[in-house]
Amino acid sequence: MTEPLTGEAQRFATVNSLMSAIAGTGRDARRGGYSRPVYSTAELELREWFVAEATARGLAVERDSNGIIWAWWDLPDRHDGGAPAGADPRAGALVTGSHLDSVPGGGPFDGPLGVASALAAFDVLKMREAAGTLARKRAFAIAVFPEEEGSAFGVACLGSRLLTGAIDPVRALNLTDERGTTFADASRAHGLDPDAMGRDELALSRIGDFVELHVEQGRGLNTEDYTDAAGRGPAVAVASSILGHGRWRLSFTGQGNHAGTTLMTDRADPMIAASQAVLAIRSIGAAQPGARATVGRLEPVPGGTNVIASRVDLWIDVRHPDDAVTAALVTRILEQAQQIAALEGCAAELTEESLSATVHFDASLTRALTASAARTVPGTPALATGAGHDAGVLASEVPTGMLFVRNPSGISHSPEEYVEDDDAATGTAALADALGDLL
Ligand code: GLV
Ligand code: MN
Ligand code: MN
């Protein structure tokens, strides 16, 4: 729990003590960085930490049927701008937040910074309301979304996809983790009712606008376009768009066999096909301007040193601003994979696991965020991102926008992801101003 502080500047810096409080949770000694997959001990501890911090602040904490945590700052009972009698007083609320799960061996900021800054920004908004400098017209909530990274069950932004209906709940419930546990069973074991999962009209009607603060995940603010003479970029940017992206599983099947008794000429080894496919995927991605194509995960089955695999699954992440180009790239990848497989006596099969179209954030919310943030960071730039976010999924339903905080390393999904304390506080100040203006 953090000490009460006085003064707005000190309150903004609370984001750093909040981040320090969770710095020991989910460290991964083998991979480095943090591994906090959904429903792991680490992620559950972080959720408990959030619930305790939100409750200590007087927020009303609830978990919805999709496992999203909401911490509500309701309107006072008698409020000039309050809801008419009989109407849902939470309808059209201003919502901010992010996620607490991580990729395997990820950095400390991807997700938690958006949650910690939301708590610190709330402290300031509450002070302003008490001082009479903020007159809210609507309710406010901090939301924490589960399984944003898709590290455990394979589909990223699973909580927001369920909330919006972007994924069929039956499909989501049948997703499995590496132990073969279904999302349905894992959710049930954590107190959720799988039958109640799916598009949630009430929860959606309660989001008037969604704003997510996030660590910048690339070199965007470190480029010459933005850096000053000292090579320093602005601390904060407003997001303009999210690159369209998707995930596919490419499975090569061959003949499992003995590493010692099977002659090199007698093999149908899917590992050989998969290895060549990895190189082909890199070439296909590199040949297309603006594209990214990545193989970050590969699993031989059964996976023994003295065993020729019978199957190799690899997962492909493809991104491009034009969704038709992404589709064409994936088609090309499958064609090449099938040719490669045939030459090795193997077969190749592709399965789409998720697909998210390019998102352009709401123009009017983006303008409002930029104007508010500019009070703290004059000339706040607009920045496109190649990373996916719950804000991108929610954008199909409600106006959404994002703030990015400078990452001097330009690295993310890796232990080297970094945010300076001063920048985290500046980002929190920009977030508080933006939320205050929108409230
Ligand atoms: C999530 O960070 C993603 O972009 O995959
Ligand atoms: Mn991420
Ligand atoms: Mn994230």
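Overview of values
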item: Any chance residue 133 is away from ligand 3 (no atom under 16 Å from the Cβ), touching a helix residue (DSSP H, G or I) at 6+ places or on another chain (Cβ under 8 Å) and polar (S, T, N, Q); result: no
item: Residue 328 being touching a residue at least 40 places away in the same chain (Cβ under 8 Å) and assigned to a helix (DSSP H, G or I); result: no
item: Meets criteria (modelled with pLDDT of 95 or more and under 19 Å from residue 156 (Cβ atoms)) for residue 261; result: no
item: Lone qualifier among 259, 172 - being of a type in the set (A, V, I, L, M, F, W, C) and under 22 Å from the mean Cα position of the chain (by Cα); result: 172
item: Qualifying residue in the range 248-262 (condition: farther than 24 Å from residue 362 by Cα, within 16 Å of ligand 2 (Cβ to nearest atom) and charged (D, E, K, R)); result: no
item: Condition met for residue 373 (out of contact with any Cys (no Cβ under 6 Å at 6 or more places or on another chain), surrounded by 21 or more Cβ atoms within 10 Å (Cβ to Cβ), in the same structural domain as residue 138 (by TED's automatic domain parsing) and of a type in the set (Gly, Ala, Ser)); result: yes
item: Test: residue in the range 400-413 that is surrounded by fewer than 21 Cβ atoms within 10 Å (Cβ to Cβ), modelled with pLDDT under 95, within 16 Å of ligand 2 (Cβ to nearest atom) and not in a strand (DSSP E or B); result: yes
item: Candidate set: the range 331-354, residues that are touching a Leu at 6+ places or on another chain (Cβ under 7 Å) and in a helix (DSSP H, G or I); chosen: the one surrounded by the most Cβ atoms within 10 Å (Cβ to Cβ); result: 337
item: Checklist (1) within 19 Å of residue 269 (Cα to Cα); (2) in contact (Cβ under 8 Å) with a residue 40 or more places away in the chain; (3) in a strand (DSSP E or B) applied to residue 297, failing item; result: (2)
item: Residue match in the range 411-434 (condition: more than 26 Å from residue 223 (Cβ to Cβ) and in contact with a helix residue (DSSP H, G or I) (Cβ under 6 Å, 6 or more places away or on another chain)); result: yes
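The values are calculated or read from the model by the stated rules, or taken from the named source; none is laboratory data. All values derive from a computational prediction rather than experimental measurement. No Cβ is skipped: glycine too gets one built from the backbone with ideal geometry, and neighbour counts run over all protein chains shown.
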